[in-house]
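The values are calculated or read from the model by the stated rules, or taken from the named source; none is laboratory data. Since this is a predicted model, take the numbers as computed values, not measurements. Here the Cβ is made from the backbone with ideal geometry for all residues, glycine too, and neighbour counts use every protein chain on show. We work out accessible area using only protein heavy atoms, side chains counted, and drop any ligands, DNA or RNA first. Shrake-Rupley method; radii C 1.70, N 1.55, O 1.52, S 1.80 Å.
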Amino acid sequence: MKKLLHSYDYCIVNNIHLVLVVGDIIDGYLGYLPKINNTSYEQVDYCIKTYPFDKNIINFLVLGNHDYSILKEDGLDLGKALQNKRHDMIVTGYGEGKLYLKNDFIVLRHPLKIPKEYYESYNRTLIVKGHTHKSRLWTDYNNSIIYAPTLSDINMDGILPGAIDMTIELLNGYIQKCYLKNLTYINDKFYVTSENETYFNGKPFKGSKEILYEEENVKVLKK
């Protein structure tokens, strides 16, 4: 929870008013680590009461496989619970949702890990994806895909918790450029560890590049 609070501090200091959350808001029935709240009802209640709030910040969420597990086992819909109790947390769907920006949109995605799970096909679209816990930018001939890191301590290969600061430029209502700062959480601070730029020309995708920082030159984001 402390990392989440510090992420909100980062948003406030940097004048960020829109947060994208790509799934697994609660543990649900999945995972092997001890849970703060054992029942699904306790987890949902804890999420509603303790997730940070700021009157100037709106969260757009897609729900993931952990969130879906309580719907499958108990019939408890986290999306509806948030809709009823937290006006600042807008759920776009389970597994996949869309955030519309003028003539364009961003796809939010988090696999539910269920049989016969299908997703809509897209062309020249910006997709932000959860579940892998690793920060990565992948581009193909059709789409630009941002794999978002996690603020959880449950990470693969010793990767530290993190987040992404994303700035989008529009041209004629379409995404033209996406600029990313990859943030790593170390000792109660966020550090910029790399930067990425993904380019579009109106709607068509053009390319991307990555800028890496040497370890000794990591920038500290001061409050």
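Would you kindly find the accessible area of Tyr179, with a 1.4 Å probe and non-protein molecules such as ligands, DNA and RNA excluded, rounding to the nearest 10 Å²?
About 60 Å², rounded to the nearest 10.
Suppose the chain between Phe105 and Glu73 were pulled fully straight at 0.36 nm per residue; how much longer would it get relative to their current alpha carbon spacing?
Working: separation 32, 0.36 × 32 = 11.52 nm, distance 3.24 nm.
Here the segment from Phe105 to Glu73 would lengthen by 8.3 nm.
So if I place +1 on the C-beta of Lys and Arg and -1 on the C-beta of Asp and Glu, and nothing else carries charge, what would the dipole magnitude of region 1-64 be about its Cα centre? I want it in debye, nearest 20. Don't jump to the answer; show the numbers that get you there.
On the way: 5 positive and 6 negative charges, 23 e Å.
About 120 debye.
With each pseudo-label sitting 7 Å past Cα toward Cβ, what's the Asn172-Ser152 distance in nm, one decimal?
Distance between label points: 4.2 nm.
If packing is taken as the mean number of other Cβ atoms within 10 Å per residue, what is the order of 122-129, 47-54, 11-18, highest first? Walk me through the intermediate numbers first.
Values: 122-129: 18.4, 47-54: 14.8, 11-18: 12.8.
Averaged packing, sorted descending, gives the order 122-129, 47-54, 11-18.
Could you work out the helix-only [θ] at 222 nm for the chain, with each DSSP H run of four or more residues adding -39,500 (n - 2.57) and the total divided by the number of residues, to the nearest 500 deg cm²/dmol? Walk me through the intermediate numbers first.
Numbers: 4 runs with 41 residues, N = 223.
Per the formula, -5500 deg cm²/dmol.
Of all DSSP beta bridges located in region 83-133, what percent are antiparallel, nearest 5? Write out the running numbers ahead of the final one.
On the way: 6 of 10 bridges.
Within region 83-133, antiparallel bridges account for around 60 percent of the total.
For the chain, with only Lys/Arg (+1) and Asp/Glu (-1) charged at the beta-carbon, what is the dipole magnitude about the Cα centre, in debye rounded to 20? Don't skip to the end; give the middle numbers.
Working: 27 positive and 27 negative charges, 99 e Å.
Roughly 480 debye, rounded to the nearest 20.
Of all the accessible heavy-atom surface of the chain, with the other protein chains kept in place and a 1.4 Å probe, what percent is carbon and sulfur? Present the calculation step by step, with values, prior to reporting the outcome.
Working: 6380 of 12670 Å².
Reported share for carbon and sulfur atoms: 50 percent.
Between Glu195, Glu96, Glu73, which gets the highest mean-square fluctuation from a Gaussian network model of the chain, Cα cutoff 10 Å?
With Cα springs under 10 Å in the chain, the top fluctuation among Glu195, Glu96, Glu73 is at Glu73.
Could you tell me how far the Cα centroid of region 112-134 sits from the Cα centroid of region 167-199, in Å?
Region 167-199 and region 112-134 have Cα centres separated by 20 Å.
Report the label-to-label distance for Asn14 and Ile159 in nanometres (one decimal), using points 7 Å from each Cα along the Cα→Cβ vector.
My value for the distance between the label points is 1.8 nm.
In the chain, what % of DSSP beta bridges are antiparallel (nearest 5)?
On the way: 39 of 56 bridges.
If we restrict to bridges inside the chain, about 70 percent are antiparallel.
Keeping all protein chains in place, calculate the accessible area per residue for the chain (probe 1.4 angstrom), answer in Å².
Working: 12670 Å² over 223 residues.
About 57 Å² of surface per residue is accessible.
For the pair Leu5 and Asn37, how long in nm is the line joining their label points, each one 7 Å along Cα→Cβ?
1.7
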